[in-house]
Amino acid sequence: MNVASKLEVIGSDDPRLYLPASQLTIEQIKSKEVQELIDEMLNLMHSKGAVGVAANQLGVDMSIAVYGYKYRSELPQHPEIKDTVIINPLIKPTTDVIEMANEGCLSIPNLKGLVPRYRDIYCRYIDRDGVRNKKQLHGLEARIVQHEHDHLAGILFLARVDDFSTLQFFDK
Ligand code: NI
């Protein structure tokens, strides 16, 4: 199934973006429907050149996010992050250190702004095989997971921007 043709990114005026996403059971995760959705989310992320996508950005009420990073000129200093699927993620900061960096979002096209995020977090999640996992994350990967975790809690990055003077419009 070609996902990108079926699923559309919903806009920031859509109330579904502001609701917490429903948790999945292991049985649901292993279903054909959810496995196809995950493939479609990964395809969409690649086709849009995004570093992460949450299911509720596609109007799907499921606690699933995908993320990954390959070299690009806007983020030249970061090592590659392999494609990762996190389901029912829970996060906990493991430092008091907050870093500021620009974020953008497929749900708010052509806008970026400075967002404070914890530099280090611990994340527990279920992977696409239905296996419970946990990992310590740092830097860009920790930032992406905090952004996607926020999506699944119904929070957009704009709500995390402290200083609206840092917002910038840009053309793709
Ligand atoms: Ni986003």
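Values quoted throughout were computed directly from the atomic coordinates according to the rules given, and no laboratory measurement underlies them. Since this is a predicted model, take the numbers as computed values, not measurements. Don't worry about glycine lacking a Cβ; one is built from the backbone with ideal geometry, like all the others, and counts go over all protein chains shown.
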Taking the Cα centre of the range 121-172 as origin, sum charge times position over the Cβ atoms of Lys and Arg (+1) and Asp and Glu (-1), and report the length of that vector in debye to the nearest 20. 300 debye
Can you find, among Leu140, Val60, Leu111, the residue sitting farthest towards the positive end of the charge dipole of the chain, where Lys and Arg contribute +1 and Asp and Glu -1 at Cβ? Leu140
Sites Leu111 and His138, calculated FRET efficiency, Cβ-Cβ separation with R0 22 Å, nearest 0.05: 0.25
Using a basic spin-label model with each label point 7 Å from the Cα along Cα→Cβ, how many nm lie between Glu33 and Phe170? 3.8 nm
Could you work out the helix-only [θ] at 222 nm for the chain, with each DSSP H run of four or more residues adding -39,500 (n - 2.57) and the total divided by the number of residues, to the nearest 500 deg cm²/dmol? -6500 deg cm²/dmol
Given labels modelled 7 Å from the Cα in the Cβ direction, how far is it in nm from Lys92 to Val131? 2.3 nm
State the volume of the convex hull built on the alpha-carbon positions of the range 102-172, expressed per residue in Å³ and rounded to an integer. 101 Å³
Karplus-derived HN-Hα couplings along the range 113-126 (A = 6.51, B = -1.76, C = 1.60, θ = phi - 60°), whole Hz, x at Gly and Pro: x, 7, 10, x, 9, 5, 6, 9, 9, 10, 10, 10, 7, 10
Could you quote the convex hull projected area for the range 1-138, Cα atoms only and averaged over all directions, in nm²? 8.7 nm²
Within a Cβ distance under 11 Å of Gln35, other residues only, what is the Lys/Arg minus Asp/Glu net charge? -2
Once fully extended, how much extra length lies between Asp13 and Ser73, figured as 0.36 nm per residue of separation less the alpha-carbon to alpha-carbon distance? 18.6 nm
Can you work out ³J(HN,Hα) from phi for every residue in the range 55-60, in order, using Karplus 6.51 cos²θ - 1.76 cosθ + 1.60 and θ = phi - 60°, giving whole Hz and x for Gly and Pro? 4, 6, 5, 9, x, 9
How large is the charge dipole for the chain, taken about the Cα centre, if only the Cβ atoms of Lys, Arg (+1) and Asp, Glu (-1) carry charge, to the nearest 20 debye? 380 debye
Across the range 18-29, in residue order, what do the Karplus-derived ³J(HN,Hα) couplings come to in whole Hz, using 6.51 cos²θ - 1.76 cosθ + 1.60 with θ = phi - 60° and x for Gly and Pro? 10, 10, x, 7, 6, 6, 10, 7, 4, 4, 4, 4
Roughly what would the spin-label model give for Thr25 and Ile155, points 7 Å off Cα along C-beta, in nm? 3.0 nm
Can you give the local net charge around Ala159? Use residues other than it whose beta-carbon is closer than 14 angstrom to its beta-carbon, Lys and Arg +1, Asp and Glu -1. -2
